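Everything on this sheet refers to the single structure shown next.
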Amino acid sequence: MIKKIKFLIILLIIPILSSCSGTGSKNRPTISTTGTGNTTIYFTREGGFVASGVLAKIEVNGSEIAQLGVNEYTTSNVTGNYRIKVSGAGIGGFGMGTDSTSGVADEKNYFYIIGVKQSLFSTKFTINETTESGYKQSQ
């Protein structure tokens with residue numbers, strides 16, 4: 001009987017602990033100089049209590065690039081037009097609203113902060129474009 005209880009507790013705790021860490025990095029990436037022929041988009045996820053256990057799945061042009069936990073970073077290099085979509089990942093993300101934005105790769109760096117917007121009956125991820133200095137101050 002005690003073995004069954006321990007097994008159930010472990011079964012319940014593992015998904016909770018694994019949902020807290022994403023595939024992003026806790027270290028802010030080095031920002032490349034512009035004019036190198038590449039467009040780099042930089043992402044960070046804000047900290048907070050609401051939806052902190054839900055990973056933010058980031059897709060660029062339909063391909064998943066990362067699942068960000070709270071205060072994590074990731075980057076992606078793009079060419080041409082690009083479309084970004086953020087949604088909840090895994091079981092914890094069920095029912096979370098999504099957000100999307102688009103842009104044109106023009107050999108500049110673009111910076112985005114992933115946040116969470118809570119209303120009375122719903123919660124959704126948001127994508128906010130910011131400047132390089134705003135990105136650096138976000139954490």
Single residue of segment 106-139 satisfying the filter (at pLDDT 85 or above, under 18 Å from the mean Cα position of the chain (by Cα) and among the small types (G, A, S)) that is surrounded by the most Cβ atoms within 10 Å (Cβ to Cβ) | G115
Just for strands (runs of 3 or more DSSP E) wholly inside segment 49-103: which have at least 1 residues that are under 12 Å from F125 (Cβ atoms)?
-> 56-60, 63-68, 81-88
Got at least one residue in segment 69-90 being modelled with pLDDT under 90, more than 15 Å from I113 (Cα to Cα), under 13 Å from the mean Cα position of the chain (by Cα) and among the hydrophobic types (A, V, I, L, M, F, W, C)?
-> yes
Residue pairs meeting the criteria (Cβ under 6 Å; at least 6 apart or on separate chains; first surrounded by 14 or more Cβ atoms within 10 Å (Cβ to Cβ) and at pLDDT below 70, in segment 30-54; second assigned to a loop (DSSP other than H, G, I, E, B) and β-branched (V, I, T)) | S52/V70
Only listed residue being within 22 Å of I31 (Cβ to Cβ) and either of a type outside the set (D, E, K, R) or touching an Asp or Glu at 6+ places or on another chain (Cβ under 6 Å) (or both), chosen from S100, S87, S76, S119 | S76
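If we scan segment 92-103, do we find a residue that is in contact with a strand residue (DSSP E or B) (Cβ under 8 Å, 6 or more places away or on another chain) and closer than 17 Å to G47 by Cα?
yes
The values are calculated or read from the model by the stated rules, or taken from the named source; none is laboratory data. Predicted, not measured: the structure shown is a model, and the values here were computed from it. Here Cβ is always computed from backbone atoms with ideal geometry, including for glycine, and neighbour counts include all displayed protein chains.
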